[in-house]
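Colleague: One structure, as structure tokens, below. Some questions next.
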């Protein structure tokens, strides 16, 4: 072998050694990085685990509060329905109590008007020679 090939063979051996050292360094760095990622993952799990438990409890509390609110809304709806029905019944009773006597009063007034009108018409026949009695819009008993 000559010196040139020995030099090239040495360069190849040195290059192979450098590549092996670099690969070992990369493997060590990746192993350390994997260990750090694992530690970080465990730390996050330790810190987020209780938070997840708290969030679960909050969600359960919200669900319970929502169901209780729905029950209260149903009760309020029934209360207002009952109050509305009672108010309508009361208004019907009041209307019946007021309108009945008013109708009777109007009937009595109509009867009185009829009697007065009849008396006037009889007086008008008796006073036929004196003049005729006329009912018009100016009559004091006219309601119109």
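Colleague: Based on the Kirkwood radius over alpha-carbon pairs, what is the Stokes-Einstein translational diffusion coefficient of the stretch 1-44 at 10 °C with 1.306 mPa s viscosity, in µm²/s? Spell out each step's value before the answer.
Modeller: On the way: Rh = 12.9 Å.
Taking Rh from Cα pairs, D becomes 123 µm²/s.
Colleague: Mind sorting out which of (i) 113; (ii) 131; (iii) 272 is the real volume of the Cα convex hull per residue in Å³ computed from the coordinates?
Modeller: Here the calculated entry is (iii).
Colleague: So what is the calculated 222 nm ellipticity per residue for the chain, using -39500 (n - 2.57) for each DSSP H run with n of 4 or more, over all residues, to the nearest 500 deg cm²/dmol?
Modeller: -33500 deg cm²/dmol
Colleague: Oh, and also: Using a/c under 1.5 as the rounded threshold, could you call the stretch 44-83 rounded, prolate or oblate? The axes a ≥ b ≥ c are square roots of the C-alpha gyration tensor eigenvalues, and prolate needs a/b larger than b/c, oblate otherwise. Walk me through the numbers before you get to the answer.
Modeller: Working: a/c = 10.12, a/b = 8.98, b/c = 1.13.
Prolate, since a/c reaches 1.5 and a/b exceeds b/c.
Colleague: Which angle between 0 and 90 degrees, to the nearest 10, do you get for helix 3-126 versus the longest principal axis of the chain when only C-alpha atoms count?
Modeller: Compared with the principal axis, the helix lies near 0 degrees.
Colleague: Given the C-alpha centroids of the stretch 22-82 and the stretch 86-113, what is the distance between them in whole angstrom?
Modeller: For the stretch 22-82 versus the stretch 86-113, the Cα centre distance is 69 Å.
Readers should treat all values here as calculations from the given coordinates under stated rules, not as data from a laboratory. Treat the numbers as computed from the prediction; the structure is a model and nothing was measured.
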